[in-house]
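**Student:** If you scroll down you'll find the structure; I have some questions about it.
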Amino acid sequence: MCGIFALLNASGDEATLRRLVVELSSRLRHRGPDWSSVWADGKNNFLAHERLAIMDPNEGGDQPMQNADGTISWVVNGEIYNFHQLREEHGLDCRSTSDSEVVGLLYEKYGPSFVEMLDGMFVFTIIDSRGDEPVYMAGRDHMGISPLYIGYGDDSSTWLASEMKCFQHVPQIKKYELFPPGHSCFWTAGQKPDFVRWYDPKWLMDEAYVPTNPVDYAQVRETVINAVLKRLMADVPYGVLLSGGLDSSLVTAIAAKHKAQAEHSLDWSSDGRLHTFSIGIKGAPDLANARAVADHLGTNHHEFHFTPEEAIDAVPKVVYHLESWHQVRAAVPMYLLARKIQALG
């Protein structure tokens, strides 16, 4: 999870605008505490990135990124699971091992249609400076897993951010909205972005469509296993949040049993055991269930506790981060558990 921010086709003094971009981007720093950077093209176009270093944690993976001659710049938040395959199949001249680098290089080679090649959860913004006037592109993954919002200024400027809080108390922004999942937009300075749906499977576009293929349980099993394995992609230590319920127990079992098959995944445990994490009120049955699953699978299990008062105290901060009242009940323990895991270093 990183944070991206973009200000495109702005009007005003460049130094003043840069200070504004730095301030607004810093509102996302909880998403990316590892590094912050702002890029400007000298024509009042800005890209900012708050980085959580997962792939290529070295400086080569820092963003914003540029192509070889510096004419295309981009920022990405998310994970591109098939990045290595894309690098090999399309002959991309990558200078890092970051999955985000393929986004701009594929755009350089194929234009806006490249987004259909991506397998992952992602949002991105691209500035193409190869012509007399810059061209812009932004996109969001097929299901909207990674968040993105877009705002519009009365000076024909466009603003993009991972969270709405970046647009709060900014008088230049007259309107903003959710960037729709499975869409992209491609526009030039002075134009208003038009959303184009790039993800259009039949089951989504045709309400009358009913699949007729017989169920294939072996295929379902293989699909679920592969879905877990590709999410173990990381150049840093990782673990699994284990609630003790069916879903997290199944994910944990797959990760523990098959993690050696995961590609581009760092096996950091000294004894080869998967690390699992649980949290709850002392005596909660979910904690007992999680321990039972961890014991059965032989994971290195970490259990934490909170009080009802601590949960209630966390609600305002959780709502601030979610920017919604949906899923608050589930998000409170996740927020508290994340803080506990962070404290482990």
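The values are calculated or read from the model by the stated rules, or taken from the named source; none is laboratory data. Source: prediction; values computed, not measured. We place every Cβ from the backbone using ideal geometry, glycine too, and count neighbours over all the protein chains shown. Surface accessibility is based on the protein's heavy atoms, side chains included, excluding ligands, DNA and RNA. Shrake-Rupley method; radii C 1.70, N 1.55, O 1.52, S 1.80 Å.
**Student:** List the relative contact order of the chain as a percent without decimals, with contacts defined as Cα pairs under 8 Å and 6+ residues apart. Show your work: numbers first, answer last.
**Tutor:** Working: 620 pairs, mean separation 40.0, N = 345.
Worked out over the chain, it gives 12 percent.
**Student:** To the nearest 20 debye, what charge dipole does the stretch 220-296 have about its Cα centre, counting +1 at the Cβ of each Lys and Arg and -1 at the Cβ of each Asp and Glu?
**Tutor:** Taking the Cα centre of the stretch 220-296 as origin, the dipole is about 120 debye.
**Student:** Can you pull the percent of the chain's accessible area that's carbon plus sulfur, 1.4 Å probe, other chains left in place?
**Tutor:** On the way: 9490 of 17800 Å².
Looking at the chain in its full context, I get 53 percent from C and S.
**Student:** Any chance you could check the Cα centroid distance between the stretch 130-155 and the stretch 66-102 for me, in angstrom?
**Tutor:** Measuring centre to centre over Cα atoms gives 18 Å.
**Student:** Okay, moving on. Which lysines does Lys282 reach when only Cα atoms under 18 Å apart count, and residues fewer than 8 places away in its own chain are ignored?
**Tutor:** Partners within reach: Lys340.
**Student:** Run through every distinct alpha carbon pair of the chain and return the Kirkwood hydrodynamic radius in angstroms, one decimal place.
**Tutor:** On the way: mean 1/r = 0.0457 Å⁻¹.
Value: 21.9 Å, from the Cα pair sum.
**Student:** For the chain, with the dipole built from +1 on Lys and Arg beta-carbon atoms and -1 on Asp and Glu ones, taken about the Cα centre, which of Pro181, Ala234, Val332 lies farthest toward the positive end?
**Tutor:** Of the options given, the answer is Val332.
**Student:** Ok, one more. Give me the three principal axis extents of the stretch 165-284 from the C-alpha atoms, as integers in angstrom, largest value leading.
**Tutor:** 58, 47, 35
**Student:** How much accessible area per residue does the chain have, counting only protein heavy atoms and a probe of 1.4 Å, in square angstrom? Display every interim value, and only then the final one.
**Tutor:** Numbers: 17800 Å² over 345 residues.
With all protein chains present, the chain gives 52 Å² per residue.
**Student:** Where the only charges are on Cβ atoms (+1 Lys, Arg; -1 Asp, Glu), what is the dipole of the stretch 1-156 about its Cα centre, to the nearest 20 debye?
**Tutor:** Working: 12 positive and 25 negative charges, 83 e Å.
Magnitude of the dipole: close to 400 debye.
**Student:** Sort out for me the Cα centre separation of the stretch 207-250 from the stretch 266-301, rounded to whole Å.
**Tutor:** 19 Å
**Student:** Give the residue from Ile126, Gly42, Thr223 lying farthest towards the positive end of the charge dipole for the chain; charges sit on Cβ (+1 for Lys and Arg, -1 for Asp and Glu) and the dipole is referred to the Cα centre.
**Tutor:** Toward the positive end, the furthest listed residue is Thr223.
**Student:** Can I ask one more? If amide H atoms are built 1.01 Å from N in the plane of the peptide, which residues on other chains or at least 5 residues away come under 5 Å of the amide H of Phe304?
**Tutor:** Distant-sequence amide H within range of Phe304: Ser278, Ile279, Gly280.
**Student:** Taking 7 Å along the Cα-to-C-beta vector as the label spot, tell me the Leu266-Asp93 distance in nanometres, rounded to one decimal.
**Tutor:** 2.9 nm
**Student:** Taking only the alpha-carbon atoms of the stretch 64-154, what semi-axes of the equivalent ellipsoid follow from 5 times the gyration tensor eigenvalues under a square root, in whole Å, largest first? Write down the numbers at each step before the final one.
**Tutor:** Details: eigenvalues 79, 65, 22 Å².
So the three semi-axes of the stretch 64-154 are 20, 18, 11 Å.
**Student:** I would also like to ask the following. Give the Rg (one decimal place) followed by the Dmax (whole number) of the stretch 231-278, computed from C-alpha coordinates and expressed in Å.
**Tutor:** 10.4, 28
**Student:** Still on this structure: Nearest 5 percent is fine: what portion of the DSSP beta bridges confined to the chain is antiparallel?
**Tutor:** Details: 49 of 58 bridges.
Of the beta bridges lying entirely in the chain, close to 85 percent run antiparallel.
**Student:** Using a ≥ b ≥ c from the Cα gyration tensor of the stretch 1-98 (square roots of the eigenvalues), is it rounded, prolate or oblate, where a/c under 1.5 gives rounded and otherwise the larger of a/b and b/c decides, a/b for prolate? Walk me through the numbers on the way to the answer.
**Tutor:** On the way: a/c = 2.62, a/b = 1.50, b/c = 1.75.
Oblate, since a/c reaches 1.5 and b/c is not below a/b.
**Student:** With +1 on each Lys and Arg Cβ and -1 on each Asp and Glu Cβ, how big is the dipole of the stretch 66-160 about its Cα centre, in debye rounded to the nearest 20?
**Tutor:** Working: 5 positive and 16 negative charges, 26 e Å.
Taking the Cα centre of the stretch 66-160 as origin, the dipole is about 120 debye.
**Student:** Using θ = phi - 60° and the Karplus relation 6.51 cos²θ - 1.76 cosθ + 1.60, list the HN-Hα couplings for the stretch 62-78 in order, rounded to whole Hz, with x at every Gly or Pro.
**Tutor:** 5, 10, x, 10, 9, 6, 4, 9, x, 8, 10, 10, 7, 10, 9, 10, x
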